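Here's the structure, in structure tokens; my notes come after.
The values are calculated or read from the model by the stated rules, or taken from the named source; none is laboratory data. Please read these numbers as outputs of a predicted model, since none were measured by experiment. We place every Cβ from the backbone using ideal geometry, glycine too, and count neighbours over all the protein chains shown.
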Amino acid sequence: MEASASPAVPASLPEPPWWSTADVALADRTDAWEAALSDNYRRWQVPDRVAPEFNARLRHRDVAGLRVVECLCDPCGGRRLPRHVSQEGAAYIGVQITRSGRESLRAGDERVAVGPGDLVIWTSDQPMEFTVTERLHKVSLILPWDDVKERLPRAERFRGTVLDSRSGIGAVLYSHIESLASQLEELEAGELNAVRRATVELLTAAMSCRLDPAPRGLSLQQLKRVQDYILDHLQDESLTPGSIAQAHHISPRYLHLLFGKTGQSVSAYIRQQRLERCGEALTNPSYREHSVADIAYQWGFTDPAHFSRVFKQHFGHPPGHCRR
């Protein structure tokens, strides 16, 4: 979709038709799905044949320089290669909200797992991949990158981001896209340009929060989410790398790759955080009536001998020393 002057828009917009794999012969579905993706999101390649039972639906609306794409699809994969990027014209920016289902996205060198309620912003001027792992329903807002770049300081540093849609500007942007997708046909022609300007300003503000003071890659943002989850569940003795990966719908291997950037394993991070909490409790007068074993158990240590050993390794003295 190129940035250009918008044609006159009728006062009432018709409901756009759905494209569906149900209307395509089984033998042609992979090629048809690849063509549908490319028609809606620019050039994409589907490297593997889709399953015989694969089902997908797509529709898009182009209004006032904005494109809204709604997609429902079964598990599948796709990619944009460097040659696809180099052969295209002006870049665009995409804002995706996930209503249901799950997928893994890779933009450039960064990979992130996306689930219900997540909001992802990405640009088309870099190689990308997606893998849908659970039937997906998503809505994407697409507009020319130049429209945003001219309002965004340090735009050249932006490669993509995940926003928390539960609070702050992420929640506002998520709700805005939801409303735009459902109300686009109800807008009068004279209202569309105002809505477009508001959309660009809101998107720019959301992206500015990620560029100031420094950009964060998609994988670093995912690492922060995982670390926050660990801190919230330190007292759960069943907290393991496997349970953490499952809670975030990522593989244990990918979880270990995330922590590889910190130079510390997942298990080492959990142990360190638990030991720090135990150390704080042992020096806190409020816990005087609690035994060392009780405090250790409270923070996920089930073996007193093991706790004493790792505590001494971490602090240089046994836990009982904190109460002298």
Discussion item. Every residue in the range 35-77 that is crowded, with 18+ Cβ neighbours inside 10 Å, out of contact with any Asp or Glu (no Cβ under 7 Å at 6 or more places or on another chain) and either over 25 Å from Leu192 (Cβ atoms) or not assigned by TED's automatic domain parsing to the domain that holds Ala198 (or both), please.
Written reply: Ala36, Leu37, Val50, Leu72, Cys73, Cys76
Fill in: Answer from Ser286, Ser238, Ser308, Ser267 - the residue that is outside the structural domain of Ala113 (by TED's automatic domain parsing), free of Cβ contacts under 8 Å to residues at least 24 places away in the same chain, outside any loop (DSSP other than H, G, I, E, B) and surrounded by fewer than 17 Cβ atoms within 10 Å (Cβ to Cβ)
Ser286
Worksheet item: Within the range 90-99, is even one residue farther than 24 Å from Arg151 by Cα, outside any loop (DSSP other than H, G, I, E, B) and in contact with an Asp or Glu (Cβ under 8 Å, 6 or more places away or on another chain)?
Response: yes
Discussion item. Can you pull out every residue in the range 152-177 that is at pLDDT 90 or above and part of a strand (DSSP E or B)?
Written reply: none
Worksheet entry | Complete set of residues in the range 175-205 that are closer than 24 Å to Leu58 by Cα and of a type in the set (S, T, N, Q) | Ser175, Ser179, Ser182, Gln183, Thr199
Worksheet item: Any idea which residue in the range 196-211 is modelled with the lowest pLDDT, counting only those that are in contact with a Lys or Arg (Cβ under 8 Å, 6 or more places away or on another chain) and either buried (at least 16 other Cβ atoms within 10 Å of the Cβ) or not in a helix (DSSP H, G or I) (or both)?
Response: Leu211
Discussion item. Considering only the range 106-114, I want to know if a residue exists there that is part of a strand (DSSP E or B), assigned by TED's automatic domain parsing to the domain that holds Ile177 and more than 19 Å from Leu258 (Cα to Cα).
Written reply: no
Discussion item. Checking the condition among the aliphatic types (A, V, I, L, M), surrounded by fewer than 20 Cβ atoms within 10 Å (Cβ to Cβ), more than 26 Å from Arg225 (Cα to Cα) and at pLDDT 85 or above, which residue from Ala181, Ala91 passes?
Written reply: Ala91
Item to complete: Residue by residue through the range 106-129, note down the ones that are surrounded by fewer than 21 Cβ atoms within 10 Å (Cβ to Cβ), in contact with a helix residue (DSSP H, G or I) (Cβ under 9 Å, 6 or more places away or on another chain) and modelled with pLDDT of 90 or more.
Response: Pro127
